[in-house]
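Here is the structure we will look at, set down as structure tokens.
The values are calculated or read from the model by the stated rules, or taken from the named source; none is laboratory data. The structure displayed is predicted, hence computed values, not measured ones. In this analysis, Cβ positions are derived from the backbone assuming ideal geometry, glycine residues included, and neighbour counts consider all displayed protein chains. Just so you know, the surface numbers come from the protein's heavy atoms only, side chains and all, with ligands and any DNA or RNA stripped out. Shrake-Rupley method; radii C 1.70, N 1.55, O 1.52, S 1.80 Å.
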Amino acid sequence: VAQARADEAFEYATQAGEDWWIAMAWYVRAMAAPTIADLRERTDRAAALLSAAGNVHHLTDLLGAAAYGALCMGSDEDAKVFVERAHEASTQFGRYYGWMMLEGNLGLVALFSGDTAAARDAFREELRLSRELVVRPFAHEGLMGLGALATADADDDRAARLRGASEGL
């Protein structure tokens with residue numbers, strides 16, 4: 001269904017000749033990608049169009065979502081590339097909510113790739129921002145991420161306390 005709607009949006013945007021909406025249609029197409037190869041190709045195309053249209057907001061969202069999608073598809077390396085590109089794009093404007101999301105994705109990518117120091121920093125920043133913005137679901141993710149790191153460090157007591165704290169959100 002998502003693919004059909006994305007194709008429909010692309011068709012209308014192309015007929016209208018609106019670069020901004022064509023870029024947004026590719027954004028939706030990327031989010032509907034069924035495979036990692038499709039995700040790579042569509043994200044690259046959407047990113048190029050969003051950049052050309054000056055749409056940094058959606059460019060950052062696209063790359064962050066693609067990182068999460070790549071993780072879900074089992075491609076840690078692609079997730080790392082996407083999250084690094086998203087991080088770079090996000091420095092162009094001060095959008096705290098998007099930054100918080102990116103930090104969570106960065107933490108997950110770092111955790112799954114074994115970079116515990118980067119994961120710890122990212123989850124802590126995600127927690128800091130979620131506290132500042134009062135966005136509990138992201139606090140849950142940050143606490144669970146830090147709990148996973150505590151487990152990796154064989155600190156079972158800390159891991160249990162972090163999991164318990166995350167359940168209360």
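Odds and ends about this structure:
- Unmet requirement for Phe10, which otherwise passes all of (1) without any contact (Cβ under 8 Å) to a residue 12 or more places away in the chain; (2) closer than 25 Å to Ser75 by Cβ: (1)
- Arg5 being open to solvent by 60 Å² or more (accessible area, probe 1.4 Å), without any contact (Cβ under 8 Å) to a residue 60 or more places away in the chain and closer than 20 Å to His57 by Cβ: no
- Look at the stretch 123-145: where a residue is surrounded by 14 or more Cβ atoms within 10 Å (Cβ to Cβ) and a partner is of a type in the set (A, V, I, L, M, F, W, C) and in a loop (DSSP other than H, G, I, E, B), sitting 6+ places away or on another chain with Cβ atoms under 6 Å, you get Ala139/Leu169; His140/Leu169.
- Unmet criterion (only one of (1) at pLDDT 95 or above; (2) of a type outside the set (D, E, K, R); (3) within 12 Å of the chain's Cα centre (by Cα)) for His58: (1)
- Flag for Leu106 being touching a Leu at 6+ places or on another chain (Cβ under 9 Å), crowded, with 19+ Cβ neighbours inside 10 Å and either modelled with pLDDT under 95 or β-branched (Val, Ile, Thr) (or both): no
- Met73 vs. criteria at pLDDT 95 or above, open to solvent by 30 Å² or more (accessible area, probe 1.4 Å) and closer than 30 Å to Arg29 by Cα: yes
- Scope the stretch 97-114; condition under 14 Å from Val83 (Cα atoms) and of a type outside the set (A, V, I, L, M, F, W, C); matching residues: Gly98, Glu103, Gly104, Asn105, Gly107, Ser113
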